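Chemist: Dropping a structure here in structure tokens format, bear with me for questions.
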Amino acid sequence: MSASLATRRLLAAALAAGALVGAAAVPAAAHDDDRRGHHGQRSSIVIGDIQQDGRGRDNRALNREWIEVKNTGRNAVNLRGFTLTDQQGNRYRFNHLRLDGHSSVKVHTGNGRDTHRDVYQDRRHQIWDERDTATLRDDRGRVIDTESWGRRGHHDNHRR
């Protein structure tokens, strides 16, 4: 009976140690996920330059308004399902676009023929205001980068 009691005590101690290790790991994992969810994942896909001066209603003026999406990594990334939104909720969803490593694509407001360097939202009105925020989300809806600007200049709020 003493061997059985010793075995039970050893098993109880091992289970307690496992529970402590598990309990310690859960907050760390939750913190890590929280950091990624609210501060953006370390992604090679980021918002680059912004040209928001697309005043006018003609297509040429609207295509002078764009947001650059950059791949800062070495590997190509398929942007299918990624979205780019403004503060008012206007949204552009990427289709099958493979963005090569160390390259970029400009997302224009107006109409045009999509290429690997330029894609078009096919809108008839200006999207990006003098004060606005561009938010880039991945195909799962997670924020991976944001950029805000105002009248006094460009304010960088990258979430990397």
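The values are calculated or read from the model by the stated rules, or taken from the named source; none is laboratory data. Bear in mind that the values here come from a model prediction, so they are computed numbers and not experimental data. So basically every Cβ, Gly included, is an ideal-geometry build from the backbone, and we count neighbours across all protein chains shown. Accessible surface is based on the protein model in full, side chains and every heavy atom, while ligands, DNA and RNA are left aside. Shrake-Rupley method; radii C 1.70, N 1.55, O 1.52, S 1.80 Å.
Chemist: Using only alpha carbon positions, build the gyration tensor of segment 98-145, then give the equivalent ellipsoid semi-axes as the square roots of 5 times its eigenvalues, largest first, whole angstrom.
Modeler: On the way: eigenvalues 74, 63, 20 Å².
Equivalent ellipsoid semi-axes, largest first: 19, 18, 10 Å.
Chemist: Rounded to the nearest whole Å², what accessible area per residue is found for segment 88-130 with the 1.4 Å probe?
Modeler: Normalised by residue count, the accessible surface of segment 88-130 is 64 Å².
Chemist: So, R0 is 30 Å and r is the distance between the beta-carbons of Arg131 and Arg80; what FRET efficiency does that work out to, to 0.05? Walk me through the numbers before you get to the answer.
Modeler: Details: r = 31 Å, r/R0 = 1.02.
So, using R0 = 30 Å, E works out to roughly 0.45.
Chemist: Between Asp53 and Ser148, what is the label-to-label distance in nm when each label sits 7 Å out along the Cα-to-Cβ direction?
Modeler: 2.4 nm
Chemist: Right, next: Is the shape of segment 67-115 rounded, prolate or oblate, going by the alpha carbon gyration tensor and its root eigenvalues a ≥ b ≥ c, with a/c under 1.5 for rounded and a/b larger than b/c for prolate? Mind showing how you got there, number by number?
Modeler: On the way: a/c = 1.90, a/b = 1.61, b/c = 1.18.
Note, shape of segment 67-115 comes out prolate.
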